[in-house]
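Everything below concerns the one structure shown next.
The values are calculated or read from the model by the stated rules, or taken from the named source; none is laboratory data. What you see is a predicted model; the values in this text were computed from it and never measured. Here the Cβ positions follow ideal geometry from the backbone for every residue, glycine too, while neighbour counts run over all protein chains shown. Remember, those area values only see protein heavy atoms, side chains included, never the ligands or the DNA or RNA. Shrake-Rupley method; radii C 1.70, N 1.55, O 1.52, S 1.80 Å.
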Amino acid sequence: MNNTIVTYFGFAIGAANTLFLYTNFMQPSNYGLIQVILSVSAVLTPILAFGVPNSLVKFYSSFKNEKSQDSFLTLMLLLPLVLIIPVALISYLANDAIGNLLSRQNDIVRDYVWHIFLVGMAMAYFEVFYAWARIRMKSMFGNFMKEIFCRIGQTILLLLLYFKIIDIEFFINALVGFYLVRTVIMKLYAYSLRKPKLNFTPLQNRKSIVKYSALIILGGSTAIVLMEVDKVMLNNFLELENVAFYAVAGFIASTIAVPSKSMHQITYPLTATYLNNKDTSALSQLYQKSSLTLFIVSGLLFLLILLNLNELYELLPDKYAGGFMIVFWVGLVKVYDALLGNNNAILFNSDYYRSILFFGVLLAVLAIVFNLWLIPKYGIDGAAIASFSAFFIYNTLKLGYVKSKFKMLPFTNETLKVLALLIVVGAIFSTFSFSFHPIINIVLKSILMVVFYVGVLYRFKISEDVYGFLNGFLGR
């Protein structure tokens, strides 16, 4: 519950930054530049992390004595350097070539190769130290640093920029500094939970750990590429302003993913434990419950966003309006992701992770092909359609793979009931139109939708978990 509150609070700050401060305090071209820097850094992050965050969660519980744990943690600290050092050398020696590759359409991007590397490295080691805390079942502080710290930093910088205390160059340099400082703070916190004792004694299963980590690079890269490649490739086809417009619409749709992010922080280590203990019954139950709960919440969020989108765009500068199709396609991606429950955790913590990772690599290539085809043809809408197409194929393959290997599906009869309810709610409230101020319209329509939706869920007990939560809430 605390993680959910922190995640939503972080998203609220992000929403204020993205929808109001960036759009009013910064030129779209500069905002587009920042989005390109952060997106390319995000693509670089899983490569530099060398799969260590996943390996920490998967293997730590298998070491039973302190000495072997120290050896394992030492390996996890040093493994990212295997790629960070070569990538740093390449960035130094081939700086101009990399800059030219990133700036085919927008020359200004050429000057920010090192900014991209530093943010990518900071993100990578942050995830390592965050996983270090999560294996000790301490995720709240890390979640705070992940979701809130840099967003508050951006709020401060945007206010300073608005009052002309700083310029855009200082803004970008300071933003890189926030990511570096965040990593240092997370490191200190992780070490306070379990101080590392360097132990270079070789582990018996070190080859399997390193192999798993290397393959996880492919899996992590696939997920990030599918999420960020659209913005990176828009930079190569269209002016930077379009990246800013796409980022705003994409952020609106990404609100749907907040419940999933919160739940996965809990279900990921639980899934790893069930798999290690070969508790198939508990795993199947977790799979179905996580799917149903996330579908209930994400489906409602999808409808709330779509049916209030026109009013929301009335609150933004006119140049940022017109992103309905982006929100629709990206929103569908997030709903499908939620519908899969803890599917990712099952795959990445099982013995079948190799096959699905190679599926992912093929689909990342497919996403790039879709973008190359659709962006020149449909502009920023084409990027959204490309993302949906790639994710639809990717998620459907993952769904089928878990079914074939574990004989489990996340869907139940209740899933169909929720789908029917969502269609009914969408049909009813799409006809509602109020003539008040956009904010009042959004609040009024949202309250009516939530009351109707939750009331039907409660009356017919469609989800045991949701019914139990509502019962407890109403009882208080």
| field | Among the candidates Met227, Met186, Met233, residue that is of a type in the set (A, V, I, L, M, F, W, C), crowded, with 17+ Cβ neighbours inside 10 Å, at pLDDT 95 or above and in contact with a helix residue (DSSP H, G or I) (Cβ under 9 Å, 6 or more places away or on another chain) | value | Met186
| What are the residue pairs meeting all of these: first residue in segment 364-386, first residue acidic (Asp, Glu), second residue modelled with pLDDT of 90 or more, Cβ atoms under 7 Å, and 6 or more apart or on different chains? | Asp381/Met325; Asp381/Ile326
| Can you tell me which residues in segment 441-471 are small (Gly, Ala, Ser) and open to solvent by 30 Å² or more (accessible area, probe 1.4 Å)? | Gly455, Gly468
| query | Only one of Tyr313, Tyr274 is of a type in the set (Phe, Trp, Tyr) and under 26 Å from Leu56 (Cβ atoms); which? | reply | Tyr274
| field | Residue list for segment 145-173, restricted to those being of a type in the set (A, V, I, L, M, F, W, C), surrounded by fewer than 17 Cβ atoms within 10 Å (Cβ to Cβ) and within 24 Å of the chain's Cα centre (by Cα) | value | Ile152, Ile156
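Do you know which residues across segment 55-103 are outside any helix (DSSP H, G or I) and open to solvent by 10 Å² or more (accessible area, probe 1.4 Å)?
Once the filter is applied, which keeps residues that are outside any helix (DSSP H, G or I) and open to solvent by 10 Å² or more (accessible area, probe 1.4 Å), segment 55-103 yields Phe63, Lys64, Asn65, Leu79, Ala94.
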| request: Scan segment 274-293 residue by residue and report those that are more than 19 Å from Glu464 (Cα to Cα) and surrounded by 15 or more Cβ atoms within 10 Å (Cβ to Cβ). | output: Tyr274, Leu275
| Count of segment 366-390 residues which are touching a Phe, Trp or Tyr at 6+ places or on another chain (Cβ under 9 Å), open to solvent by less than 20 Å² (accessible area, probe 1.4 Å) and either in a helix (DSSP H, G or I) or among the acidic types (Asp, Glu) (or both) | 9
| How do the pairs read when you match residues in segment 110-135 that are free of Cβ contacts under 8 Å to residues at least 60 places away in the same chain with residues anywhere that are open to solvent by less than 10 Å² (accessible area, probe 1.4 Å) and not in a helix (DSSP H, G or I), using Cβ under 8 Å and keeping only pairs 6 or more apart or on different chains? | Arg110/Ser103
| request: Give the number of residues within segment 312-333 that are open to solvent by less than 30 Å² (accessible area, probe 1.4 Å), in a helix (DSSP H, G or I) and in contact with a helix residue (DSSP H, G or I) (Cβ under 6 Å, 6 or more places away or on another chain). | output: 6
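Regarding segment 394-407, can at least one residue be identified that is buried (at least 21 other Cβ atoms within 10 Å of the Cβ), closer than 28 Å to Gln288 by Cβ and within 23 Å of the chain's Cα centre (by Cα)?
Checked against the condition, which is being buried (at least 21 other Cβ atoms within 10 Å of the Cβ), closer than 28 Å to Gln288 by Cβ and within 23 Å of the chain's Cα centre (by Cα), segment 394-407 yields at least one hit.
Among the residues of segment 127-148, are any assigned to a helix (DSSP H, G or I), polar (S, T, N, Q) and either touching a His at 6+ places or on another chain (Cβ under 6 Å) or over 29 Å from Ile85 (Cβ atoms) (or both)?
yes
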